[in-house]
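S.K.: Let me begin by handing over the structure; questions about it come next.
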Amino acid sequence: MRYTDVSDQLDEVLVTEEQLLARLEELAREVERDYAGTEVLLVGVLKGAVMVMADFSRALRDSVQMDWMAVSSYGNGTQSTGVVRILKDLDTDINGRHVLLVEDIIDTGLTLSWLRENLMSRGALSVKILAALRKPDAVVADIVPDYLGFDIPNKFVVGYGLDYAERFRHLRDVAVLSPHVYAKGE
Ligand code: IMP
């Protein structure tokens, strides 16, 4: 663990920064092949997708555009509410555009399934999904990412953009948050 100051709040590292970067390079090659000749609009979902967007977009050799949305589906806790609200909308008109949604993690898939419908209803030609991580419950919402980093077990994880109460996003690796942290509501 690189961060000694928070190491007592984390259990095991599930995915390292090196693994994430290597996988995103592979996915970048796939995306370049699939979108050859078309300029894709990357849409990042704030705030968790900041790290994956930064690394994935820089792994791409082709020209892309980038925009961001912020939605709320989680409060400060660790449970999905199923409620999706747009906090920040796109600046770009996506009518007639090919959109690639960039997400940190698919848990229940509720957020992405809602977002995909929302973007399609604005006239996007296609809406595909790239997610750095996926948990097993994603199968329930029938959300299949077109580009996936890693499948992880059903544990609450932090790092690489993922937070608990806005903390831990800056950690380079993805690690399991020790249950004692959220049990105490720290
Ligand atoms: P979903 O709608 O259940 O798929 O939830 C997606 C969002 O919940 C993600 O974009 C994250 O912001 C958040 N989330 C889900 N699982 C975790 C986790 O293990 N750690 C931190 N955030 C999570």
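The values are calculated or read from the model by the stated rules, or taken from the named source; none is laboratory data. Because the structure is predicted, anything quoted here is derived from the model rather than measured. Positions of Cβ are generated from backbone atoms using ideal geometry, with glycine treated the same way; all protein chains shown enter the neighbour counts. Just so you know, the surface numbers come from the protein's heavy atoms only, side chains and all, with ligands and any DNA or RNA stripped out. Shrake-Rupley method; radii C 1.70, N 1.55, O 1.52, S 1.80 Å.
S.K.: Suppose the filter is outside any loop (DSSP other than H, G, I, E, B), aliphatic (A, V, I, L, M) and at pLDDT below 95; does Val83 pass it?
M.R.: No; evaluated as a whole, the condition is false for this residue.
S.K.: Okay, next question. Write out, first by first residue and then by second, each pair whose Cβ atoms fall under 6 Å of each other, whose residues are 6+ apart or on separate chains, and whose first residue, in the stretch 111-131, is in contact (Cβ under 8 Å) with a residue 40 or more places away in the chain while the second is hydroxyl-bearing (Ser, Thr, Tyr) and open to solvent by less than 30 Å² (accessible area, probe 1.4 Å).
M.R.: If the second residue must be hydroxyl-bearing (Ser, Thr, Tyr) and open to solvent by less than 30 Å² (accessible area, probe 1.4 Å), the pairs left are Thr111/Ser73; Leu130/Tyr147.
S.K.: Please count how many residues of the stretch 103-117 are farther than 17 Å from Gly161 by Cβ and either touching an Asp or Glu at 6+ places or on another chain (Cβ under 7 Å) or open to solvent by less than 30 Å² (accessible area, probe 1.4 Å) (or both).
M.R.: Residues meeting the conditions: 2.
S.K.: Continuing with this model, one more query. How many residues are touching a residue at least 60 places away in the same chain (Cβ under 8 Å), open to solvent by less than 40 Å² (accessible area, probe 1.4 Å) and within 18 Å of Gly96 (Cβ to Cβ) when one looks only at the stretch 19-76?
M.R.: 4
S.K.: List the residue pairs whose Cβ atoms are under 8 Å apart, where the first residue sits in the stretch 132-158 and is free of Cβ contacts under 8 Å to residues at least 40 places away in the same chain and farther than 17 Å from Ser113 by Cβ, the second is within 10 Å of the ligand (Cβ to nearest atom) and aliphatic (A, V, I, L, M), and the two are 6 or more positions apart or on different chains.
M.R.: Asp151/Leu133
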